[in-house]
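The block underneath contains the structure these notes are about, expressed in structure tokens.
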Amino acid sequence: MPAHPVLQQADIARALTRIAHEILESNRGPSGLVLLGIPSRGVPLAKRLAEQLNEISHADVPWGSLDVTLYRDDLARNRTRTPSPTLLPPGGIDDAVVVLVDDVLYSGRTIRAALDALVDVGRPRAVRLAVLVDRGHRELPIRPDFVGKNLPSARDERVNVNLEELDGEDSVTIGSEGTRA
Amino acid sequence: MRHLLSTRDLTRDDAIAILDVAEDMAQVAGREVKKLPALRGKTVVNLFFEDSTRTRISFEAAAKRLSADVINFSAKGSSVSKGESLKDTAQTLAAIGADAVVVRHGASGAPRVLADGGWIDAGIVNAGDGTHEHPTQALLDAFTIRRRLHGGLSRGRGLDGVSVAIVGDVLHSRVARSNIWLLTSLGATVRLVAPPTLLPVGIDDWPVEVSYDLDESLHLGQTVVMMLRIQTERMHAAFFPNAREYSRRWGLDDRRLAALGEDTIVMHPGPMNRGLEISSTAADSPGSTVREQVTNGVAVRMAVLYLLLSGGVQS
């Protein structure tokens, strides 16, 4: 079965705008917010969300990236993964409300690793989770605070998120294992 | 990566990949919690048949920062002094359940024997074997040069256009050999400067220029001047008339230091013989990376241990 599209460029933009509004509503404004994207596709999403937040609230919300590779629980089982840089905003994350940003939420294991990585670089006041797509099948008690799209999927399906910055176009597709749009 | 025995085995891409992972590892040193859980439950054995301060401490710090368990073994005070063979020692380590063995040995090729012997299934890291190779030292040297030249923009880069003069006791130096292979695959040019008696036989096919004249070589303008230690413990013959003459002709003294370009990087793998191959002023000058090299050594060794020990499927 070929991969078929779920979200187009405009849908992704709309989802991010809505998430930005939801973040501002739940945080009662932009103060104290720090967005941290999880590499690789969480990072451009965090940057875009920060730009949206700044546009809506005329603030300067800091954003960065948080690498979780070295905190994963499957390092001994899978192929060697190369870490990506962790880049924190100059003010750090102590006492901030950190919003973790990722493209797809699936088992929840990446987020578990991210929570571990986070406590090693500082002590945020609160941690929230924003994802573009929640495809279900959680293996850990982890729940997103902000979701772009709930996408019911089978375990053997593959959800691909493509972003302009890394893949040349914005789209989300779902297909059988191994197909890549 | 299964073992790290020689920088000759590393392609340019392999080497850049290791240096890039080391960039990530170096970030950890600046944090409050200097620890990563990546190698939890793995056992790293430091198997040292030769004396070492820097390398052993550096590997120990690297393994501990990655949460591995570390067992230090030095031949002095072990059953090796009762005549135990390398094979029996290896089998003992295998029985203990070592996942990686960092080995330093006076005999060239000892790490290769451990890797190919079939006595132990662990990943082997060569931490210096005789006069053969010392790959992690070369990697940390390359990392240090790259960082000095490119700072935060180091990732993904080689050392193209960089000229390195390696000066001194090339004959006995495993650091020089590892650096020659690594730096040239990263795109640098290497010039060996030494008295003829301290150059090995058969270097005609090495990818290097050779000179007997330090002043002439420095005059050409080098990006990096790497001074080697005079290894008196391996010298069983007279290779130069006396220390004073060596120092005058091949040492980095204050006069030569003053003549260097402002940006010239001065390196030394340590331990230094101050006043012999390098003057104190040169060793402590702003261009000197001696202490940076030690700091970077931990990050580079973390990268090597991580790449060796993570991944159930070996790539």
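So the values come out like this:
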| quantity | calculated |
| --- | --- |
| Whole-Hz couplings from phi, Karplus 6.51/-1.76/1.60, listed for the stretch A:61-74; x for Gly and Pro | 7, x, 9, x, 10, 10, 7, 10, 3, 7, 10, 5, 9, 10 |
| Selected from B:267, B:235, B:302 as most flexible by GNM, with chain B as the system and alpha-carbon contacts under 10 Å | B:235 |
| Viscosity 1.306 mPa s, 10 °C: Kirkwood-radius Stokes-Einstein D of the stretch B:1-73 over Cα pairs, µm²/s | 115 |
| DSSP-assigned coil residues among GluC sites (Glu not before Pro) in the stretch B:1-58, each with at most 14 further Cβ atoms within 10 Å | B:32 |
| Phi-based couplings in Hz for the stretch B:258-268 (Karplus 6.51, -1.76, 1.60; Gly and Pro marked x) | 5, 7, 5, x, 4, 8, 5, 8, 9, 10, 8 |
| The stretch A:68-168: GluC sites (Glu not before Pro) in DSSP coil with no more than 15 other Cβ atoms inside 10 Å | A:139 |
| In sequence order, calculated HN-Hα J values of the stretch B:172-179 (Karplus, 6.51, -1.76, 1.60; Hz; x Gly/Pro) | 9, 9, 6, 5, 4, 4, 4, 5 |
| Amide H contacts under 5 Å for residue B:4, placed H, 5+ residues apart | B:124, B:125, B:126 |
| Cα-centred dipole magnitude for the protein assembly as shown, charges only on beta-carbon of K, R (+1) and D, E (-1), debye, nearest 20 | 1060 |
| Number of partner chain Cβ atoms within 10 Å, mean per residue of B:32-39 | 5 |
| Amide H contacts of residue A:158 (H built 1.01 Å from N, under 5 Å, at least 5 apart or other chain) | A:175, A:176, A:177 |
| The stretch B:135-289 - percent relative contact order, Cα under 8 Å, separation 6 or more | 23 |
| Peptide A:62-68, shielding by other chains (average Cβ, 10 Å cutoff) | 0 |
| Under 5 Å, built H, 5+ apart or other chain: amide partners of residue A:128 | A:98, A:99, A:100 |
| Per-q log10 I(q)/I(0), chain B, q = 0.09, 0.16 Å⁻¹ (Debye; single scatterer per alpha-carbon; no solvent) | -0.44, -1.35 |
| Most mobile of B:304, B:266, B:80 in a GNM of chain B (Cα contacts under 10 Å) | B:80 |
| Positive minus negative residues near residue B:60 (Lys, Arg vs Asp, Glu; Cβ under 12 Å) | +4 |
| Antiparallel %, DSSP beta bridges [both residues in chain A], to 5 | 35 |
| Exposure proxy ranking, count of Cβ atoms within 10 Å, fewest first, for B:274, A:72 | B:274, A:72 |
| Chain B: most fluctuating residue of B:28, B:294, B:190 per GNM, C-alpha cutoff 10 Å | B:28 |
| Considering only chain B, percent of DSSP beta bridges that pair antiparallel, nearest 5 | 5 |
| Helical mean residue ellipticity (222 nm; -39500 (n - 2.57) per DSSP H run of 4+; nearest 500) of chain A | -9000 deg cm²/dmol |
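Where a number appears in this text, it was derived from the coordinates with a stated rule and is not lab data. Everything numeric here is computed off the predicted structure, so don't read it as measured data. Counting neighbours? That spans all protein chains shown, and the Cβs are built from the backbone with ideal geometry, glycine included.
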